[in-house]
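Asks: One structure is given below, represented as structure tokens, and several questions about it will come after.
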Amino acid sequence: MPKQDPTGPAFWEQRYRDQVMPWDAGRVPDLARAFIASLAPRSRVLIPGCGTAHDARAFAEAGHDVVAVDFSEAALEAARAVLGKWADCLRLGDFFTVDLGSPFDVVYERAFLCALPRHLWPRYVPRVAQVLRPGGMLAGFFFWNDSERGPPFGLKPGELEALLGATFHRTVDTAVTDSIAVFQGKERWQVWLRN
Ligand SMILES: C[S@@+](CC[C@H](N)C(=O)[O-])C[C@H]1O[C@@H](n2cnc3c(N)ncnc32)[C@H](O)[C@@H]1O
């Protein structure tokens with residue numbers, strides 16, 4: 001797998017090893033914290049492409065049943081240090097193929113869809129739908145940008161609705177006020193329920 005191909009782990013592995021992670025907030029965004037606090041106790045939560053797993057830790061600390069997946073071993077090394085006693089929620093594997101067990105109440109999205117080249121987006125939608133229970137939530141931060149280049153690969157206006165609209169309906173769409181530099185002014189917090 002060439003190191004410049006973000007569809008494979010080598011691309012991400014190198015960035016974690018070189019500590020070049022401009023997407024990594026190193027903290028939990030305010031809207032994610034509020035969402036975590038609003039969930040039913042012991043909700044079953046999947047975090048695809050969890051990276052250093054600060055968000056996974058916040059879900060676990062709140063008592064939720066978290067599975068955090070990433071295909072980069074270097075990401076999981078960093079995540080283990082962040083998660084401490086909750087590190088057993090981590091799974092090394094490809095989101096599209098790894099066995100994740102019973103359906104989830106929530107799939108949490110932050111900087112995962114935009115890490116995937118656009119040709120993978122039509123695979124993301126059925127995979128998320130497959131791992132969620134009916135009525136389950138796809139919740140998180142979505143990134144819009146006109147540039148063709150990435151990662152991060154930005155959505156165009158109307159594109160997320162076109163991708164998700166047949167399988168999900170949106171219940172929340174909120175501006176984000178504490179974005180890090182790469183996502184500033186280009187991301188929104190949204191919640192989509194699986195039909
Ligand atoms: C831009 S980073 C975001 C990490 C984290 N969500 C965050 O907000 O900091 C994208 C992550 O997705 C992981 N990733 C990309 N494609 C993946 C796949 N098919 N399966 C599992 N992990 C994947 C990468 O290794 C990387 O850690």
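Asks: Among L120, V98, V66, whose Cα lies farthest out toward the positive end of the dipole of segment 55-134, if unit charges sit on the beta carbon of Lys, Arg (+1) and Asp, Glu (-1)?
Replies: L120
Asks: Taking only DSSP H segments of four or more residues, each worth -39500 (n - 2.57), what value at 222 nm results for the chain once the sum is divided by all its residues, to the nearest 500 deg cm²/dmol?
Replies: Values: 6 runs with 54 residues, N = 195.
Estimated from H runs of four or more residues: -8000 deg cm²/dmol.
Asks: For Cα pairs less than 8 Å apart in space and 6+ apart in sequence, what is the mean separation divided by the residue count of segment 21-194, i.e. the relative contact order in percent?
Replies: 19 percent
Asks: Under 4 °C and 1.567 mPa s, how fast does segment 123-195 diffuse according to Stokes-Einstein, given a Kirkwood radius computed over C-alpha pairs? Answer in µm²/s, whole number.
Replies: Numbers: Rh = 13.0 Å.
The diffusion coefficient I find is 99 µm²/s.
Asks: What nm distance separates the two modelled labels at D99 and E148, each placed 7 Å from Cα along Cα→Cβ?
Replies: 4.2 nm
Asks: Order the peptides 145-152, 127-134, 115-122, 74-81 from the highest to the lowest mean number of other Cβ atoms within 10 Å of their residues.
Replies: Values: 145-152: 12.9, 127-134: 16.8, 115-122: 15.0, 74-81: 18.5.
Packing proxy ranking, top to bottom: 74-81, 127-134, 115-122, 145-152.
Asks: Which of E73, E13 has the fewest other C-beta atoms within 10 Å, and how do the rest follow up to the most?
Replies: Details: E73 13, E13 17.
Ordered by Cβ neighbours within 10 Å, fewest first: E73, E13.
Asks: Set the Förster distance to 25 Å, then compute FRET efficiency between E159 and D88 from the Cβ-Cβ distance, nearest 0.05. Each step should come with its number before you reach the end.
Replies: Numbers: r = 36 Å, r/R0 = 1.46.
FRET efficiency, E159 to D88: 0.10.
Asks: Using the C-alpha gyration tensor of segment 1-154, what are the square roots of 5 times its eigenvalues, in whole angstrom, with the largest one first?
Replies: Details: eigenvalues 104, 65, 46 Å².
So the three semi-axes of segment 1-154 are 23, 18, 15 Å.
Asks: Then there is this: Quick one: I180, I36, fewest Cβ neighbours within 10 Å first, how do they rank? Don't skip to the end; give the middle numbers.
Replies: Details: I180 15, I36 22.
Placing the least packed residue first, the sequence is I180, I36.
Asks: Considering the alpha-carbon set of segment 69-195 alone, what are its Rg and its Dmax in angstrom?
Replies: Rg and Dmax of segment 69-195, Cα atoms, are 14.9, 41 Å.
Asks: Note down the magnitude of the dipole of segment 43-105 about its Cα centre, charges +1 on Lys and Arg C-beta and -1 on Asp and Glu C-beta and zero elsewhere, to the nearest 20 debye. All intermediate terms of the calculation are to be shown ahead of the outcome.
Replies: Numbers: 5 positive and 10 negative charges, 30 e Å.
Charge dipole, segment 43-105, about its Cα centre: 140 debye, nearest 20.
Read-outs: derived from the displayed coordinates by stated rules, not from any lab. As the structure is a computational prediction, the values presented were derived from the model and not from experiment. FYI the Cβ positions are ideal-geometry reconstructions off the backbone, even for glycines, and counts take in every protein chain you see.
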